[in-house]
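Taking it in order: structure first as structure tokens, then the write-up.
The values are calculated or read from the model by the stated rules, or taken from the named source; none is laboratory data. In this text the structure is predicted, and so the values were computed from the model without any measurement. Don't worry about glycine lacking a Cβ; one is built from the backbone with ideal geometry, like all the others, and counts go over all protein chains shown.
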Amino acid sequence: MDLRLPAILLLAAAPALVGAGAGSAPAVGPESCKPCHPAAYEAWRTGPHARAFDSLPERSRKDKRCLSCHSPMADEGAVAVGCEACHGAGGAYSARYVMRDPELSRAVGLLDPNEKSCGACHNDSTPSLTKFDYSRKLPLIEHWNAEREGAKAEAPPASRPAAPAPGDTKKGAPAAKAR
Ligand code: HEC
Ligand code: HEC
Ligand code: HEC
Ligand code: HEC
């Protein structure tokens, strides 16, 4: 049952499957998502995936075996594990009019990441002491709550406008860290 020993061999056999379904749209890089998704960007930037390239030792930064997980879109100029490693290459979907249309954006490459997406990199060849536990790891990369709040606030008024809840604040995420 111990699959960890031959990790170095497995590494060679683990090309990233990520983005494989994203068609031929080019990647645009996290900086392009930032203006429209500032909260998600900030959470990502301070999280583990943004440093996935920098944490590689100098000598491994051109090693495709390592890049397949630590910087899968390096060939397209997107460094580290960026937004598009999980959400699909954004060349076609990241125009605003496309993004506003959930069906269209998915038709041109937007992916809905799930447990399987994580498994492309968090798997038996990962140098990790414990098995990847999705329900425990997912909260550690949280970047969608503020996005969803924002989307609700921006949405055109519904036919039956919701009355503000008693505890509602107008200031957005109360727990947000300073900057
Ligand atoms: C020009 C502005 C803009 C850019 C650039 C942009 N988005 Fe969006 N995105 C939106 C808008 C508007 C929505 C619609 C939901 C909303 O109002 O928040 C959206 C929705 C989304 C959703 C939720 C889709 C759904 O239907 O559930 C995801 C995921 C997303 N964007 C990811 C990205 C990623 C990743 C990038 C960069 C590759 C990106 N976006 C670039 C404006 C943008
Ligand atoms: C199958 C995907 C995969 C491949 C291939 C891979 N890694 Fe990783 N690597 C990971 C994951 C996932 C983590 C985080 C593991 C954890 O913390 O549980 C990680 C963690 C690391 C860390 C620790 C980072 C830190 O912040 O402490 C280093 C260093 C590292 N890998 C180097 C490499 C090198 C060098 C190679 C190429 C020989 C490589 N990795 C190949 C997925 C991979
Ligand atoms: C490691 C994979 C991963 C990376 C990297 C990543 N995301 Fe996500 N993202 C997810 C997952 C998973 C969810 C859905 C979480 C859930 O609700 O289960 C999500 C949700 C979202 C949502 C909300 C979608 C909705 O349905 O309302 C937006 C917007 C978003 N991400 C944007 C981004 C942006 C912008 C970046 C880069 C700055 C980024 N993500 C980086 C995995 C990722
Ligand atoms: C393209 C490869 C890739 C994908 C896909 C990916 N990760 Fe990672 N992840 C990494 C790498 C590489 C690291 C190590 C980053 C470092 O410290 O250098 C990492 C680190 C992490 C860490 C911090 C270390 C730990 O285990 O606590 C968490 C949490 C994490 N990933 C969660 C997720 C979740 C949840 C998903 C799926 C929604 C996901 N990742 C998808 C490559 C990936």
Output the number of residues of segment 112-138 satisfying the condition of being within 11 Å of ligand 3 (Cβ to nearest atom) and in a loop (DSSP other than H, G, I, E, B). 6
Just the residues that are charged (D, E, K, R) and either assigned to a helix (DSSP H, G or I) or at pLDDT below 95 (or both), please, taken from segment 64-111. Lys64, Arg65, Asp75, Glu76, Glu84, Arg96, Glu103, Arg106
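Residue-wise test of (1) near ligand 4 (Cβ under 9 Å from one of its atoms); (2) over 21 Å from Ser71 (Cβ atoms).
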position	(1), (2)
Asp112	no, yes
Ser117	yes, no
Pro139	yes, yes
Glu142	no, yes
Ala153	no, yes
Could you please tell me which pairs satisfy a Cβ distance under 8 Å, a separation of 6+ or placement on different chains, a first residue in segment 110-131 that is under 17 Å from Pro48 (Cα atoms), and a second residue that is more than 9 Å from ligand 4 (Cβ to nearest atom) and at pLDDT 95 or above? Pro113/His87; Ser117/Leu111
Give me a count of the residues in segment 34-71 that are more than 7 Å from ligand 2 (Cβ to nearest atom), of a type in the set (A, V, I, L, M) and more than 21 Å from Tyr93 (Cα to Cα). 4
Within segment 57-95, residues being surrounded by fewer than 18 Cβ atoms within 10 Å (Cβ to Cβ) and more than 23 Å from Thr126 (Cα to Cα) number 3
If you go through segment 22-58, how many residues are more than 11 Å from Gly82 (Cβ to Cβ), near ligand 1 (Cβ under 8 Å from one of its atoms) and touching a residue at least 60 places away in the same chain (Cβ under 8 Å)? 3
What tally of residues in segment 96-153 results from selecting those that are exposed (fewer than 13 other Cβ atoms within 10 Å of the Cβ), under 12 Å from the mean Cα position of the chain (by Cα) and within 10 Å of ligand 1 (Cβ to nearest atom)? 1
